[in-house]
1. Here is a check on your reading of the model: is GLU239 of a type in the set (Asp, Glu) and either surrounded by fewer than 19 Cβ atoms within 10 Å (Cβ to Cβ) or part of a strand (DSSP E or B) (or both)?
2. Cβ-Cβ under 6 Å, sequence separation 6+ or interchain: first residue in the range 215-234 and more than 15 Å from PHE82 (Cα to Cα) and without any contact (Cβ under 8 Å) to a residue 12 or more places away in the chain, partner crowded, with 18+ Cβ neighbours inside 10 Å and aliphatic (A, V, I, L, M). Which pairs?
3. So, in the range 75-134, how many residues would count as being of a type in the set (Gly, Ala, Ser) and more than 22 Å from ILE168 (Cα to Cα)?
4. Might you check whether a residue that is in contact with a helix residue (DSSP H, G or I) (Cβ under 6 Å, 6 or more places away or on another chain), at pLDDT below 95 and under 30 Å from LYS110 (Cβ atoms) occurs anywhere in the range 183-201?
5. Of all residues in the range 99-122, count the ones that are β-branched (Val, Ile, Thr) and under 20 Å from ASN154 (Cα atoms).
6. Identify, please: which residue in the range 145-186 is crowded, with 19+ Cβ neighbours inside 10 Å and touching a residue at least 60 places away in the same chain (Cβ under 8 Å) and is, among those, farthest from TYR217 (Cα to Cα)?
Amino acid sequence: MIEEILETKKKHTQIPNQVQKEIKYEPRSLKKVLEENKNPIIGEIKYSSPNEGQITKKPIKSLIKEMKDLSAISVLTEKNYFNGSIQNISKVRELFDGPILRKDFIFNKKQLYITKKQKADSILLITSILGEKLDNFVDLAKKLDLDPLVEIKNQKELDIALNTKTDIIGINNRDLESLEIDLSKTKKFSKKIPEEIKIISESGIRTKKDIRKLEGYCDGFLVGTALMKSNNLHKKIEELKCA
């Protein structure tokens, strides 16, 4: 699935020949949120997904009204499979004061400059996409004051991630090919990550029971579908925050 998404992404993503490299903007630190809060929830704005289909139709303004108490917000900007938009980042920025993570399938360094221009604070870098180029992308992200969130799903990818200067690693509990969820992956790989690196558990977090199960194995939780499908988003957030 990820290879199909990436190929489509490369075909349909317009990368400008020149990008603005001097972008002045005071970022909000995702790393600081992970350091200073207990079980912080990063809520993800996700309109569709390949396995769920359409998840929500709510406009950004309505979503943020209910998500304003979150520690951070992730914005899924991939267009073809997730019905996202890069412009959604700036829309969220106008309404939300905390860190904003851009979640997408990044393959070109110019995408980092575009992300910065939209006033995001952090960017997802998927190890299975970038491979041995990951360290260069991490270095550029840090140079741009974008907190790189390096995503891994197996031991090989973790080894690559640990050879970079990233301060945050995301453990994806979902297999991106089969789409199956296994929360024990967070427990398994967190034990192999140095204490100074912050850990986010990604995918499959739906209830406060899930958070309690993984508490102590990570520093934060990325929650998307469970929030977007909730009939009472504010209540769902409070439930997860009280775990």
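1. Answer is yes for this residue.
2. Sorted first by the residue in the range 215-234, then by its partner, the list stays empty.
3. Going through the range 75-134, the residues of a type in the set (Gly, Ala, Ser) turn out to be 84-85, 90, 98, 120, 122, 128, 131.
From what's left, more than 22 Å from ILE168 (Cα to Cα): 84-85, 90.
Within the range 75-134, residues that are of a type in the set (Gly, Ala, Ser) and more than 22 Å from ILE168 (Cα to Cα) number 3.
4. no
5. Within the range 99-122, the first condition is being β-branched (Val, Ile, Thr), and the residues that meet it are 100, 106, 114-115.
Those still in the list that are under 20 Å from ASN154 (Cα atoms) too: 106.
So the answer is 1.
6. LEU146
The values are calculated or read from the model by the stated rules, or taken from the named source; none is laboratory data. These figures come from a predicted structure and were not determined experimentally. Methodologically, a virtual Cβ is constructed for each residue, glycine included, from the backbone with ideal geometry; neighbour enumeration extends over all protein chains shown.
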